[in-house]
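**Q** Have a look at the structure that comes next, please.
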Amino acid sequence: MNLGLQDRVAIVTGASQGIGKYIAEALAREGCDVAICARTESDLEEAARDIEEEGADVLAVPMDVTEEGEPERLVAETAERFGRIDVYVGNVGGNRRGKFEELSDEDWEDLIDLNFMSHVRVSRAAIPHMREVEGASICYISSIFGRELGGAGLSLYNTTKSALISVSNVMAQELAPEIRVNSVAPGSIRYPGGSWDQRVKENPEEMKQFVDQNIAIERFGRATEVADAVTFLCSERASLITGTCINVDGGQSHSLI
Ligand SMILES: NC(=O)c1ccc[n+]([C@@H]2O[C@H](COP(=O)([O-])OP(=O)(O)OC[C@H]3O[C@@H](n4cnc5c(N)ncnc54)[C@H](OP(=O)(O)O)[C@@H]3O)[C@@H](O)[C@H]2O)c1
């Protein structure tokens, strides 16, 4: 299937490792040039070399997306380098566990900035560029815990990931027909060096039980499987899909909506 992504330009945030890097590689394989960012410059440069091997021209911009002006700089440098922006994948995100009554304003501000406002800011800066091309698309990486209860200790994560799905659905209404906006909700995704990989190495029996009890397909998800879903959503082949959140979770989640 030709996804129609040849010669398009994509921004992927948080792409020096993990799911973001797999997404950038998948887009590169389909013919996109890619702008990536992360804080650790050495990791980012290494990732850029790997993504270039897929045939892409890569712009690697070391930055902290939570710092003032940095999301806008990422967009400006991408537009200057490549002359267009077709795809934005808002992947950067993290978790901070804590009991609700013990979380401070600073905890809330930090996670809202990272998991939510970074995507708002990159999107807002990129939209004028995306309006200038045909078939532009935004995709946010949420979580199954943006669609259903994650449990005690996850108020920051649950709230910010739900907010991302919510805003993407409103954006889809406002930005149609020029720009499609969707989100993806991964379940537990294991890749070398990632948090689930570490937990499996530390507690293999406990993790086997976790998988048996929670994931219908009886294994962790792969980052390539998330990347494939995102690449499809950002492609011409998904031209009728906007305002949707797709679970990529092997049957881990239980939400009816
Ligand atoms: N892994 C899972 O099972 C899973 C499940 C559901 C949803 N997700 C979501 O998928 C996304 C990716 O997860 P992941 O597991 O691949 O994460 P990860 O391995 O922790 O990678 C995060 C990436 O973002 C970068 N980053 C972190 N903070 C940043 C900041 N302030 N500014 C710029 N870059 C930053 C990191 O590099 P630096 O540290 O060098 O900045 C790294 O490249 C997240 O939104 C996560 O919530 C993951």
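**Q** Which pairs have Cβ atoms under 6 Å, sit 6 or more apart or on different chains, and link a residue in segment 242-254 that is under 12 Å from GLY146 (Cβ atoms) to one that is in a loop (DSSP other than H, G, I, E, B) and modelled with pLDDT of 95 or more?
**A** ASN247/SER253; ASP249/GLY187; SER253/GLU148
**Q** Go through segment 121-160 and report how many residues are out of contact with any strand residue (DSSP E or B) (no Cβ under 9 Å at 6 or more places or on another chain) and part of a helix (DSSP H, G or I).
**A** 8
**Q** Just checking: which of the helices (runs of 4 or more DSSP H) contained wholly in segment 161-257 hold 3 or more residues that are of a type in the set (A, V, I, L, M)?
**A** 223-233
**Q** Okay, next question. Which of the residues that make up segment 204-246 are among the polar types (S, T, N, Q) and crowded, with 19+ Cβ neighbours inside 10 Å?
**A** THR231, SER235, THR242
**Q** What are the residues in segment 8-31 that are of a type in the set (A, V, I, L, M, F, W, C), farther than 23 Å from ASN115 by Cβ and touching a residue at least 60 places away in the same chain (Cβ under 8 Å), if any?
**A** Correct list: VAL9 only.
**Q** Right, something else. Sort through VAL230, VAL181, VAL200, VAL167 and tell me the only one that's closer than 20 Å to GLU30 by Cβ and within 16 Å of the ligand (Cβ to nearest atom).
**A** VAL230
**Q** Right, next: Against the condition touching a residue at least 40 places away in the same chain (Cβ under 8 Å), touching a strand residue (DSSP E or B) at 6+ places or on another chain (Cβ under 8 Å), among the β-branched types (Val, Ile, Thr) and under 20 Å from ARG96 (Cα atoms), how does ILE165 come out, does it pass? Before the answer, list the steps.
**A** On the way: touching a residue at least 40 places away in the same chain (Cβ under 8 Å): yes; touching a strand residue (DSSP E or B) at 6+ places or on another chain (Cβ under 8 Å): yes; among the β-branched types (Val, Ile, Thr): yes; under 20 Å from ARG96 (Cα atoms): yes.
Against the criterion (touching a residue at least 40 places away in the same chain (Cβ under 8 Å), touching a strand residue (DSSP E or B) at 6+ places or on another chain (Cβ under 8 Å), among the β-branched types (Val, Ile, Thr) and under 20 Å from ARG96 (Cα atoms)), ILE165 qualifies.
**Q** Find all pairs meeting these conditions: Cβ atoms under 9 angstrom apart; at least six residues apart or on different chains; first residue within segment 80-100 and more than 14 Å from ASP57 (Cβ to Cβ) and more than 14 Å from the ligand (Cβ to nearest atom); second residue among the charged types (D, E, K, R) and in a helix (DSSP H, G or I).
**A** GLY98/ASP107
The values are calculated or read from the model by the stated rules, or taken from the named source; none is laboratory data. Computed from a prediction, not measured in an experiment: that's the story for all the values here. Cβ coordinates were reconstructed from backbone atoms using ideal geometry, including for glycine residues, and neighbour counts include every protein chain displayed.
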